[in-house]
Amino acid sequence: MVTEQRYGDWVVVRSHAERVAELVLDRPEAMNAVSSKMADEIAAACAALSADRSVSVTVVTSTHERAFCAGADLKERNRLTDAEMMDHRPRARAAYTGVLELPMPTIASVHGFALGGGFEIALACDLIVADETAVVGLPEVSVGVIPGGGGTQLLPRRVGAARAAELIFTARRLTATEALPLGLIDHLAPAGGDREAALALADRIAANSPVGLRAAKRALRLGHGLDLRTGLEVEDSAWRTIAFSADRAEGVAAFNEKRAPRWPGL
Ligand SMILES: CCCCCCCCCCCCC[C@H](O)CC(=O)SCCNC(=O)CCNC(=O)[C@H](O)C(C)(C)COP(=O)(O)OP(=O)(O)OC[C@H]1O[C@@H](n2cnc3c(N)ncnc32)[C@H](O)[C@@H]1OP(=O)(O)O
């Protein structure tokens, strides 16, 4: 049974298949531009997803036909006082950190424009699946700001320091075809096919142990950028957290009984 939970006006969490959830950006009138209120809604949805042990993979999708997300709400920004702008920052930070720190594997399903804070939401996901209509970039310096949604840190981790610098300094938009070889996106789907491809990838990942997936994500995230010795300690710690899990017992038993595992998720 598909369940659906709306978080305010513009964010929905929808169950897709067993153990796969969709975090849906649904503010079509503004190309999913992230206002303060929408940021609150994204943060609330991420808090609920983080607490839901039945979710093994989260796919971030958009209902807008021509955009994943057009970034920060520049209309709202035009109206905010300085004090209101500073009040907005922790609210937006809660939203972006909420996506980044979702404990299960995350996939961004991108079609159309993913610009500025819109592309930063995708960068906060573990994987990015885009279709041929996708246009991505961090144009912030062209409007007098910087990528403030993690882009200056997440983009270099994807494409390297120099390439990230060039993309941010030039505020260049890239088509999906340009973005794929640079590592800005991970999979390219036919036009209109990003959601189907992202959900198929999610189903494949969700067939594996939910406990193993979350522990593997912790090790990947905490270990990234560390020296090898420290990183191996991070891996060892993550391994120890699940060494006696019911999932591990089920995985070993299923292999020996030559059957598909039925994951307890514990
Ligand atoms: C991971 C952990 C991090 C921890 C720290 C986190 C801190 C908090 C994070 C803060 C948030 C991130 C901030 C971000 O870095 C800064 C930005 O995002 S700046 C904005 C960047 N975006 C842009 O520059 C894109 C702006 N839009 C456009 O260029 C064009 O609209 C378009 C996308 C190219 C589409 O063009 P068109 O097809 O011509 O369509 P329209 O322009 O007519 O748009 C249709 C409709 O949508 C409205 N709209 C589009 N974009 C925005 C927007 N960004 N804000 C508000 N509204 C937007 C547009 O006005 C139209 O509406 P209408 O006028 O018709 O009512």
Subtracting the Cα-Cα distance from 0.36 nm times the residue separation, let me have the gained length for E65 to R221 in nm, one decimal. 52.9 nm
If I ignore ligands, DNA and RNA and count only protein heavy atoms, how much of S142 is accessible to a 1.4 Å probe, in Å² to the nearest 10? 80
Volume in Å³ per residue [convex hull over Cα atoms, computed for the range 210-256]: 69
Integer Hz, Karplus 6.51/-1.76/1.60 couplings in order for the range 139-146, x for Gly and Pro: x, 3, 5, 7, 10, x, 10, 10
First compute the accessible area of the range 116-217 with a 1.4 Å probe, then give the percent of it belonging to carbon and sulfur atoms. 57
Looking only at the range 207-241, which residues have a backbone nitrogen under 17 Å from a spot 7 Å from the Cα of A253 in the C-beta direction? 209-212
Quick one: plug the Kirkwood hydrodynamic radius of the range 148-188 (C-alpha pairs) into Stokes-Einstein at 4 °C, 1.567 mPa s, and report D in µm²/s. 124
Ratio of the range 171-239's C-alpha Rg to 2.2 N^0.38 Å, to two decimals? 1.49
Percentage relative contact order, the chain, counting C-alpha pairs under 8 Å, at least six apart: 15
Could you give the dipole magnitude of the range 35-167 about its Cα centre, charging the beta-carbon of Lys and Arg +1 and that of Asp and Glu -1, in debye to the nearest 20? 160
Between F68 and residues 5 or more places away or on another chain, which pairs have amide H atoms under 5 Å apart, with H built 1.01 Å from N, and which residues are they? H111, F113, A114
Using alpha carbon centroids, what distance separates the range 88-164 and the range 1-70, in Å? 16
Considering only DSSP beta bridges where both residues belong to the range 9-72, give the percentage that are antiparallel (nearest 5). 40
What is the packing order of peptides 113-120, 195-202, 170-177, taking the mean over residues of other C-beta atoms within 10 Å and listing the highest first? 113-120, 195-202, 170-177
If the only charges are +1 at each Lys and Arg Cβ and -1 at each Asp and Glu Cβ, what is the size of the charge dipole of the chain around the Cα centre, to the nearest 20 debye? 460
Which order, highest average first, do 102-108, 238-244, 155-161, 39-45 follow once you tally other Cβ atoms within 10 Å for each residue and take the mean per peptide? 102-108, 39-45, 155-161, 238-244
Which order do R79, R89, R19 take by accessible area at a 1.4 Å probe, largest first? R79, R89, R19
Beta carbons within 10 angstrom, averaged per residue: use that to sort the peptides 227-233, 60-66, highest first. 60-66, 227-233
How big is the dipole moment of the range 127-225 about its Cα centre under a simple scheme where the beta carbon of each Lys and Arg is +1, that of each Asp and Glu is -1, and everything else is neutral? Debye, nearest 20, please. 520
Can you pull the accessible area of M86 for me, 1.4 Å probe, Å² to the nearest 10? 130
Computed on Cα atoms, Rg of the chain relative to 2.2 N^0.38 Å comes out at 1.03
For the chain, give the share of DSSP beta bridges that are antiparallel, in percent and rounded to the nearest 5; count only bridges with both residues there. 35
Provide the per residue accessible area, probe 1.4 Å, for the chain, rounded to a whole number of square angstrom. 50
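The values are calculated or read from the model by the stated rules, or taken from the named source; none is laboratory data. Owing to the predicted nature of the structure, the values given are computational and were not obtained by experimental measurement. All Cβ positions, glycine included, derive from the backbone under ideal geometry; neighbour counts span all protein chains shown. Heavy atoms of the whole protein, side chains included, go into the accessibility calculation; ligands, DNA and RNA do not. Shrake-Rupley method; radii C 1.70, N 1.55, O 1.52, S 1.80 Å.
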